[in-house]
1. Helix 109-122: angle to the longest alpha-carbon principal axis of the chain, degrees 0 to 90, nearest 10?
2. What does the C-alpha gyration tensor say about the overall shape of region 115-209? Classify as rounded when a/c is under 1.5, otherwise prolate if a/b is larger than b/c, or oblate.
3. Lys/Arg Cβ at +1, Asp/Glu Cβ at -1, dipole of region 176-341 taken about the Cα centre: which of CYS197, LEU271, LEU333 is farthest positive-ward?
4. On C-alpha positions alone, give me the angle between the axis of helix 328-341 and the longest principal axis of the chain, in degrees, nearest 10.
5. Long-range amide H contacts for GLU296: which residues qualify at under 5 Å (H placed 1.01 Å from N, peptide plane, sequence gap of 5 or more or a different chain)?
6. Which residue, LEU265, LEU122, LEU148, has the most motion in a Gaussian network model of the chain that connects Cα atoms within less than 10 Å?
7. Assigning unit charges at the beta carbon (Lys, Arg +1; Asp, Glu -1) and nothing else, what dipole magnitude in debye, to the nearest 20, does region 176-341 show about its Cα centre?
8. Of the residues SER153, SER291, SER134, which exhibits the maximal mean-square fluctuation in a Gaussian network model of the chain defined by a 10 Å Cα contact cut-off?
Amino acid sequence: MEPITITRAPVLKEKPQDESKLGFGRIFTDHMFLMNYEEGRGWFNPRIVPYQDFHMDPASVVLHYGQAIFEGTKCYRREDGGIQLFRPEQNLARMTRSAQRMCMPALDEETALEGIRELVLLDQDWVPHSPGTSLYIRPTMISQDIHLGVHASRTYLFFVIMSPVGSYYKDGLKPVGIYVEDNYVRAVRGGTGFTKCAGNYAASILAGDIAEKKGYSQVLWLDGVEQKYIEEVGSMNMLFAYGNRIVTPMLNGSILPGITRDSILILARQLGYEVEEKRMAIADVFDDIRSGALTEAFGSGTAAVISPVGELCWGDQVLTINNGEIGPVASRLYETLTGIQYGRIEDTNHWIIKLT
Ligand SMILES: *Cc1c(COP(=O)(O)O)cnc(C)c1O
């Protein structure tokens, strides 16, 4: 592995004073990590430099054909003041899987992880202290060839930027309303649903916008073939509780395999819940809400960890789940997972990388 060079910013930015106003992804730290790729040469020149603009040729492939993939992971501050990462190697492994689908090069995961560690250590004062806050880490890979032909590039850039983010739940875990999208689809069999590629999100914005105008915070996507089976929410996987049984749509190539989802399924088994991954028809879920068999619904993702769903709207049917309140299963999983992430609960699964 080539050593990572570090060029420090001559002047540091002012850090946000009020951590209750951080929001998500609007402020960035002092430095970023970069490395380049060339066909025949592999990844080279890993470096940390001051956060700065990129210069791009207008004919860059990425601007036209969207060869771009990203990841999202977080650094958490413990009560003793130390900081730690949660399963970042899983994000890098997933980025390599995304890359393969997009005809992009496999990541040098070892150097990328080292780059993230060094970058976070250098900018460690940016990891906020208030409960529920964290430093969001955004690894990204883009193609760099300058060429209007539709071909895979021979040159790529991997970069990591970081943003301090606020607590998702300033007033506790509030259930959200979700709109079941039965017109547009997010992913199809053989497509890019399992990847975190930029285009997936571009294609989802319209449906998200429509749902928001109807008063719902997110879209629940159905399968792209029959529009009968539950896939996932905008940037979260979906889980359902039937008493002490947790059921979630099985990974099928069009669902994004969430690291939070995976962690929750592992923790749920360890906590004694029964866990089932299967194909879930939306009509059955609506029947099960009506009959009372389905007791809770919640989304899972790095940003919110767990987001309880209090209302589901599908066509002309609007149902309330658990009286629009957070249920015991979602609460317990949230407390356990965030407990591990913030170092309040022992990490028996070896998910944590302590940095300080
Ligand atoms: C990122 C993402 C998720 C959640 O993945 P995590 O690894 O848990 O953050 C779920 N669905 C989509 C579409 C996503 O982009």
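1. Approximately 80 degrees, to the nearest ten.
2. Since a/c reaches 1.5 but b/c is at least a/b, the shape of region 115-209 is classed as oblate.
3. CYS197
4. Rounded to the nearest ten degrees, it is 20.
5. So GLU296 has HN proximity to ALA241, GLY243.
6. Largest GNM mean-square fluctuation: LEU148.
7. Magnitude of the dipole: close to 340 debye.
8. Largest GNM mean-square fluctuation: SER291.
The values are calculated or read from the model by the stated rules, or taken from the named source; none is laboratory data. Since this is a predicted model, take the numbers as computed values, not measurements. In this analysis, Cβ positions are derived from the backbone assuming ideal geometry, glycine residues included, and neighbour counts consider all displayed protein chains. Side chains included, ligands, DNA and RNA excluded: accessible areas come from the protein's heavy atoms. Shrake-Rupley method; radii C 1.70, N 1.55, O 1.52, S 1.80 Å.
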